[in-house]
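A.B. asks: First, the structure itself, so that you have it in front of you.
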Amino acid sequence: KPPRYKVLLHNDDYTTREFVVEVLKGVFHRPEPEAVQIMLHVHHNGVGIAGVYTYEVAEVKVRTVETMARQREFPLMLSIEPEE
C-alpha cells in the first residue's frame, strides 16, 4: 500500500472564505457542509486538512488549487506532509 500524504490549507488574511469553500468542493470533492466546516477550522486554527492522497495525487491537487488562487489573485498556500 503506497504511503499517503495530507494536503494542508493555510489561513491568510486575503483569500476569501467563499473561494476556500469553492476549492474544497470542486478540487477535493467535499460536500458543502463539510467544506464550510473545514474552511472554518482553517480560519480559526491557521491550518486544516483538505484531504489525504498518494503523493502524486496530492501534488496535482496542490498545483491545481495554487493555479486557481493565482488566477483570482489570492495568496492561498497549501502544503503536503506525510500521514502519520
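A.B. asks: What number of residues in segment 23-36 are surrounded by 15 or more Cβ atoms within 10 Å (Cβ to Cβ) and either over 16 Å from Val7 (Cα atoms) or touching a residue at least 60 places away in the same chain (Cβ under 8 Å) (or both)?
C.D. replies: Here the count works out to 1.
A.B. asks: Can you find even one residue in segment 1-12 that is among the β-branched types (Val, Ile, Thr) and open to solvent by 20 Å² or more (accessible area, probe 1.4 Å)?
C.D. replies: No, because not a single residue in segment 1-12 is among the β-branched types (Val, Ile, Thr) and open to solvent by 20 Å² or more (accessible area, probe 1.4 Å).
A.B. asks: Hey, does segment 42-50 have a residue that's modelled with pLDDT of 95 or more, open to solvent by 50 Å² or more (accessible area, probe 1.4 Å), part of a strand (DSSP E or B) and in contact with a strand residue (DSSP E or B) (Cβ under 6 Å, 6 or more places away or on another chain)?
C.D. replies: yes
A.B. asks: Continuing with this model, one more query. Can you pull out every residue in segment 8-38 that is within 21 Å of Pro82 (Cα to Cα) and in a helix (DSSP H, G or I)?
C.D. replies: The answer is Leu24, Ile38.
A.B. asks: Could I ask something else about it? Collect the residues in segment 57-71 that are surrounded by 14 or more Cβ atoms within 10 Å (Cβ to Cβ) and among the polar types (S, T, N, Q), keeping them in residue-number order.
C.D. replies: Thr64 - this is the single residue of segment 57-71 that is surrounded by 14 or more Cβ atoms within 10 Å (Cβ to Cβ) and among the polar types (S, T, N, Q).
A.B. asks: Same structure again: Which count do you get for residues in segment 57-76 that are closer than 16 Å to Arg17 by Cα, out of contact with any Asp or Glu (no Cβ under 7 Å at 6 or more places or on another chain) and in contact (Cβ under 8 Å) with a residue 40 or more places away in the chain?
C.D. replies: Result for segment 57-76: 5.
A.B. asks: Kindly check whether there is at least one residue in segment 73-83 that is loosely packed, with under 12 Cβ neighbours inside 10 Å and either part of a helix (DSSP H, G or I) or of a type in the set (Val, Ile, Thr) (or both).
C.D. replies: no
The values are calculated or read from the model by the stated rules, or taken from the named source; none is laboratory data. All of these numbers come straight from a predicted model, not from anything done at the bench. Because the Cβ atoms are built from the backbone with ideal geometry, glycine has one as well, and the counts that use them run over all protein chains shown. Keep in mind that these areas ignore ligands, DNA and RNA; they rest on the heavy atoms of the full protein, side chains included. Shrake-Rupley method; radii C 1.70, N 1.55, O 1.52, S 1.80 Å.
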